[in-house]
Amino acid sequence: MEKMKRYAVYYAPEAGPFAQAAASWLGWDPATGRAVAQPELGLDLAAMTADPRKYGFHGTIKPPFRLAQGVSAADLGAAVGQLAQTLRAVVMPALQMLELEGFLALVPQGDSAALGDLAARVVAELDPLRAPLTEAEVARRRPDHLTPRQRDLLALYGYPYVMEEFRFHLTLSSHLSPADHAALLPLAAAHFAPHLPQPFAVSALTLFGEAEDGRFHLLHRYALA
């Protein structure tokens, strides 16, 4: 755990059919740290899922960050565990599949205000453990393309899409052309339909780490109170 370049707090499904279907779809299982054979669909699924593959199937709660000077991975794990004990699980009716700003994703149905509140607490309360962004990291976020509020959030929390800008989603593809999206959507729906949880519950904070090769690994799951 100490050898990771960056850390993140995600939602990730517990071991079971949903997690297996997601690992197969993206071609990477972050729980085992192994590549997984993807289904044969008659499309170049490997290329269509290249961007999210390295992260593994997840919903972002606190985006990836480097540890602040003097903070260890053990410190971070203890902080996430303590925070998890103060947070209640969030339950929503189901997940739905849709096109989200050019990529395919699963998003919760129903009122997601409680999930937004949970994410805001995690972002704010763990932020003292985050190293400040470098100039290069800021530049990669293309601040000239952000709103003034998003630039403020980038400066405050190292990421522009937190707090009221947060939208929970589970990414299933890279950015797709309209034609690729139309072709992939029914295949993704058929792949996931038997395994989507109903209701959908966020009942744990899951700590991920980014290894030297850029792949993310599931390090530990902390149950919510």
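The values are calculated or read from the model by the stated rules, or taken from the named source; none is laboratory data. None of these values were measured; they are calculated from a predicted model. Quick reminder, even Gly has a Cβ in these numbers, built from the backbone with ideal geometry, and neighbours come from all protein chains shown.
Among the residues of segment 84-141 satisfying the criterion of being modelled with pLDDT of 95 or more and β-branched (Val, Ile, Thr), which is surrounded by the most Cβ atoms within 10 Å (Cβ to Cβ)?
Across segment 84-141, the extreme among qualifying residues is Val123.
Name, by its number, the condition in (1) touching a strand residue (DSSP E or B) at 6+ places or on another chain (Cβ under 7 Å); (2) free of Cβ contacts under 8 Å to residues at least 40 places away in the same chain; (3) β-branched (Val, Ile, Thr); (4) closer than 20 Å to Thr206 by Cα that does not hold for Thr32.
Result: Thr32 fails condition (1) only.
Scan segment 208-225 for residues that are among the aromatic types (Phe, Trp, Tyr), under 14 Å from the mean Cα position of the chain (by Cα) and farther than 13 Å from His58 by Cα and report the count.
0
Looking only at segment 162-195, filter to residues that are of a type outside the set (A, V, I, L, M, F, W, C) and free of Cβ contacts under 8 Å to residues at least 60 places away in the same chain; which one of those is surrounded by the most Cβ atoms within 10 Å (Cβ to Cβ)?
Among residues in segment 162-195 that are of a type outside the set (A, V, I, L, M, F, W, C) and free of Cβ contacts under 8 Å to residues at least 60 places away in the same chain, the one surrounded by the most Cβ atoms within 10 Å (Cβ to Cβ) is Glu165.
Would you pick out the residues in segment 72-100 that are closer than 20 Å to Ala131 by Cβ and free of Cβ contacts under 8 Å to residues at least 60 places away in the same chain?
Asp75, Ala78, Ala79 - these are the residues of segment 72-100 that are closer than 20 Å to Ala131 by Cβ and free of Cβ contacts under 8 Å to residues at least 60 places away in the same chain.
For residues that are touching a strand residue (DSSP E or B) at 6+ places or on another chain (Cβ under 6 Å), of a type in the set (S, T, N, Q) and surrounded by fewer than 16 Cβ atoms within 10 Å (Cβ to Cβ), tally how many sit in segment 196-218.
0
Output yes when any residue across segment 169-178 is at pLDDT 95 or above and closer than 20 Å to Ala124 by Cβ, and no when none is.
no
Report, by residue number, each residue of segment 150-179 that is more than 22 Å from Pro128 (Cβ to Cβ) and in a helix (DSSP H, G or I).
Listed by number, the residues that qualify are Pro178, Ala179.
So is Gln38 of a type in the set (S, T, N, Q), assigned to a loop (DSSP other than H, G, I, E, B) and surrounded by 13 or more Cβ atoms within 10 Å (Cβ to Cβ) or not?
In short, yes.
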